[in-house]
Amino acid sequence: MNLNDNPIFLTQKRLVHRGGVLAAILIAALVGLSLLSGLIAYLADPLNFNFPSPQEAGKMFYGWVIGVEILVLVVGGFSRISRTLAEERKAGLWDSNRLTPLKPTQLVTGYWLGSPLRELYMAAVLAGIGLVIVLLAKLSVTLWLGTQILIFSTALFFGLLAVLVGMVFQRPQGGVIFLLALFFFQSFSFTMPKLMLTNFLLPTYGIANLFMESGNSSNDDSIREWSGLPQIFGLPVYPILLSLGLQLIVGVFLWRSAVRKTAKPFQPLMLRWEAVAIFGILLVAQHGLIWGIWHGHFPEIQSWAGRPRFYESEPLISIVHCGTILLATIILAAASPPPESVRVKAMRLGVRNLGAIFPGSAVSLALALAAVAAVILLTQCALSFGSSREIYLIAVGNLLAFFLIFSLLLEFCRLRFKRRALGFVALWLFVLCVLPFILAGVFTNAAFGKLSLLAPGVVALANAHEENLNNLLGIVAGHFGIVVLLFIYWQRQWKQLLANAA
Amino acid sequence: MPAPLLVIEHLRVDFPEVVAVNDVSLTIEAGDVCGLIGPNGAGKTTTMRAVSGLQECTRGSVRIGGHELAREPQELKRWLGFMPDFCPVYDQLTAAEFLDHFARAYGVPNRARRIEECLELTWLTEKTNSLCEELSRGMKQRLVLAKTLLPDPQVLLLDEPASGLDPLGRIELRKILLQLRDTGKAVLISSHILTELSGFCNTAAIMERGKLVTCGAISELGRKMSQRKISVKWRADGDKAREILKSANAKNLESSATGATFDFDGGADALDELLKTLIIQGVRISEWHAGGDDLEQIFLQSGAKELM
């Protein structure tokens, strides 16, 4: 893959250079040099500063450098790629390029590596100044090397995500909104650094850990939580390797999606097996990270190693449960084909019955994801299944009900309300998930809150020893009533559509 | 007989609430310039997007030079040039850089020379080093046409190519299209302004509400027409001529001392017979024009009435 033969890359490079890069490079240099001058001033006269050692001073200044570098390369690069693609799609240039004999891989590579060149130049300047800071402060070069590898791999990973976001979002600012939402959810995992997958996918743990391992003089609990090796099903793993491995695996799926979406824009973002595989891999990694607490004996705690400061160990699995729901929701939305394309495919193949529609719909995918989640959740309670059976059933039932309701709602609303579908899906999710909590607050009655579609699994997993599980089982059964109702309406809508198509 | 370069068979495109293209079949041979005519929303652009592979088809097939587009999309990209109805250009590139981008993408040999040729063909040589954002809409339109011609495609799909051009530009476009026709290309050109297409289209396809109302060679379509607008001029014997025309059932007859215009219901043979009668009866005809080879007449009689 020679970038000098890639017209998309060359044009993006030309556009970046025409827009001017010198000012951007100078800004990065000035920021970096300001921080470097701070370190030089400290080394010249240490008594004027509060740092206990040159290493601590170096870490502080280098920390700022990589903070700016991340902001420029990861956030700025993501925003640049998604905006470029969205704008070129809107202008018709994306289609013009797609009509050329260029391979989809060349198109994706061109935008992925070409459009964020200005950010790359700025990051390179900052990385160079960062190396000088590390050397002057007599810090280990591995700190510089490790952090730079992680920053650049994250930039590549998020760059691929940006390509997909640019292909899907209609408006150029959609990418930034997506990124902000991602960071918002990421911030929740900072309180339990070693146990949350998001700290490895966006390698906050790996970077913080490199700083800790390069000489830590503090005994503060909050700092110690960022030290040591995380464990996957009891096996210690280097955080850098874990981050790189996860980014590589997820990145391969993102790459495949981007290339496929370029070649065939009418297909959903993910194939069904890819959706199931990526869901399974991320869930296995997450449950592997928290496995050390129960060793398969949930809810009986086996080890307090890695216990987070602010959470008891039981609510931790509830948080993972919520994360599972969120991840499945994203995957279902990305991998479920629009009903219109299912209908068109059915018409093309001459299919008239629902039996042929079902395997290609979001509903069957929801069933597959629920099965995967059920198997992986079993790792936490496999050795104590006799006592945790009811909790397990409630959690799995809750996942299944949520996935089915979401997929049925998604397809029903797409069929029924077409372009207004998203608003109606949001409305019904609000009614089923959030409204019960609001009512619980208004009437100061927690029972309302338990009716929420999110509640039974979370409550059962968080209060495994105290909760009346039969009530929760009843609520899950009630949720399945909604599933049946929605299924009937979903079926009717499909039949009507197929009849019209015929 | 030249081989068909573009064959569209039973093409159907579904949108969520409408069938945008419904069972459209069309054949364009080498050297044909086919006018795709229809009111706004008739499905012309969707048809072109489906033929180029930008729009998913529900049914039907597209063959270019005997190869199935659905099976060999990558190979056929060099055969097909699509010019959309707007001007997708990189504002911050010069005209030459813009063409260079696509010349590289198509793997055009002797890039610099070919770019020069295309710029010359579209009268943009003077604008070679101008940024695209500095070009007028008409110039951008010509630049996109130059981009479409770069790889020398055998089949050209031009969607409203003259919409941004000034009168001179339209005349020049006509010259280019005639030139392309002479070099054996197959051109499908859409417009809802019929005068744009007159003069260089030798075949026409009329669409309305996603369906093909009629298609074929313009001369043939004119022959099939049930009613034509006729204009005749004579040097003498005007009264006799008027009598013959009345007896031949000429409608909406408007006559003067030197000639008449009227609508004629009969077919081409009946019209030939009428002219023969006039001459035999001694009317000295100086001018005879039977409307029918003109697109506007064909369109108006095709059933597609909502001409914009």
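The values are calculated or read from the model by the stated rules, or taken from the named source; none is laboratory data. Bear in mind that the values here come from a model prediction, so they are computed numbers and not experimental data. For neighbour counting, all protein chains shown are included, and Cβ atoms are generated from backbone atoms with ideal geometry for every residue, glycine included.
So the values come out like this:
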{"quantity": "Hits in the range B:147-169 (condition: among the charged types (D, E, K, R), farther than 25 Å from B:Ala112 by Cα and surrounded by fewer than 19 Cβ atoms within 10 Å (Cβ to Cβ))", "calculated": "B:Asp166"}
{"quantity": "Residue match in the range B:49-60 (condition: within 14 Å of another protein chain (Cβ to nearest Cβ), without any contact (Cβ under 8 Å) to a residue 24 or more places away in the chain, out of contact with any strand residue (DSSP E or B) (no Cβ under 6 Å at 6 or more places or on another chain) and of a type in the set (Asp, Glu))", "calculated": "no"}
{"quantity": "Residue within the range B:35-43 that is in contact with a helix residue (DSSP H, G or I) (Cβ under 7 Å, 6 or more places away or on another chain) and surrounded by fewer than 21 Cβ atoms within 10 Å (Cβ to Cβ) present", "calculated": "no"}
{"quantity": "Looking only at the range A:4-25, and only at residues there that are more than 10 Å from chain B (Cβ to nearest Cβ) and of a type in the set (A, V, I, L, M), the one that is nearest to A:Gly128 (Cα to Cα)", "calculated": "A:Ile25"}
{"quantity": "Output for the range B:74-111, where each listed residue is free of Cβ contacts under 8 Å to residues at least 12 places away in the same chain and more than 7 Å from chain A (Cβ to nearest Cβ)", "calculated": "B:Glu75, B:Pro109, B:Asn110, B:Arg111"}
{"quantity": "Filter result for the condition that a residue is within 14 Å of another protein chain (Cβ to nearest Cβ) and aromatic (Phe, Trp, Tyr), over A:Phe417, A:Phe480", "calculated": "A:Phe417"}
{"quantity": "Top-ranked residue of the range A:413-445 - restricted to ones that are of a type in the set (A, V, I, L, M, F, W, C) and modelled with pLDDT under 85, ranked as nearest to A:Ile290 (Cα to Cα)", "calculated": "A:Leu422"}
{"quantity": "Residue count, the range A:114-142 (criterion: closer than 15 Å to A:Ile66 by Cβ and either at pLDDT below 95 or not assigned by TED's automatic domain parsing to the domain that holds A:Ala208 (or both))", "calculated": "5"}
{"quantity": "Filter pass, A:Glu390 being among the charged types (D, E, K, R) and surrounded by 18 or more Cβ atoms within 10 Å (Cβ to Cβ)", "calculated": "no"}
{"quantity": "Residue check for A:Leu404: buried (at least 16 other Cβ atoms within 10 Å of the Cβ) and assigned by TED's automatic domain parsing to the domain that holds A:Ala328", "calculated": "yes"}
{"quantity": "Tally of residues being over 14 Å from A:Tyr62 (Cβ atoms) and either small (Gly, Ala, Ser) or surrounded by 21 or more Cβ atoms within 10 Å (Cβ to Cβ) (or both) across the range A:132-155", "calculated": "3"}
{"quantity": "Candidates A:Leu316, A:Leu327, filtered to the one that is closer than 26 Å to A:Ser227 by Cβ, modelled with pLDDT of 70 or more and hydrophobic (A, V, I, L, M, F, W, C)", "calculated": "A:Leu316"}
{"quantity": "Top-ranked residue of the range B:14-45 - restricted to ones that are of a type in the set (Val, Ile, Thr) and touching a residue at least 60 places away in the same chain (Cβ under 8 Å), ranked as farthest from the other protein chains (Cβ to nearest Cβ)", "calculated": "B:Ile37"}
{"quantity": "Candidate set: the range A:79-111, residues that are within 30 Å of A:Gly32 (Cα to Cα) and of a type in the set (Val, Ile, Thr); chosen: the one farthest from the other protein chains (Cβ to nearest Cβ)", "calculated": "A:Ile81"}
{"quantity": "Qualifying residue in the range B:159-182 (condition: modelled with pLDDT of 85 or more, more than 14 Å from chain A (Cβ to nearest Cβ) and assigned to a loop (DSSP other than H, G, I, E, B))", "calculated": "yes"}
{"quantity": "Unmet requirement for A:Gly76, which otherwise passes all of (1) away from every other protein chain (no Cβ under 14 Å); (2) assigned to a helix (DSSP H, G or I); (3) farther than 30 Å from A:Glu213 by Cα; (4) modelled with pLDDT under 95", "calculated": "(3)"}
{"quantity": "Residue check for A:Met122: without any contact (Cβ under 8 Å) to a residue 12 or more places away in the chain, more than 14 Å from chain B (Cβ to nearest Cβ) and buried (at least 18 other Cβ atoms within 10 Å of the Cβ)", "calculated": "no"}
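Yes/no matrix, rows are residues, columns are (1) surrounded by fewer than 16 Cβ atoms within 10 Å (Cβ to Cβ); (2) under 24 Å from the mean Cα position of the chain (by Cα); (3) outside any helix (DSSP H, G or I); (4) not assigned by TED's automatic domain parsing to the domain that holds A:Val141:
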site: A:Thr11; (1), (2), (3), (4): no, no, no, no
site: A:Ala28; (1), (2), (3), (4): no, no, no, no
site: A:Leu39; (1), (2), (3), (4): no, no, no, no
site: A:Gln55; (1), (2), (3), (4): no, no, no, no
site: A:Leu71; (1), (2), (3), (4): yes, yes, no, no
site: A:Arg83; (1), (2), (3), (4): no, yes, no, no
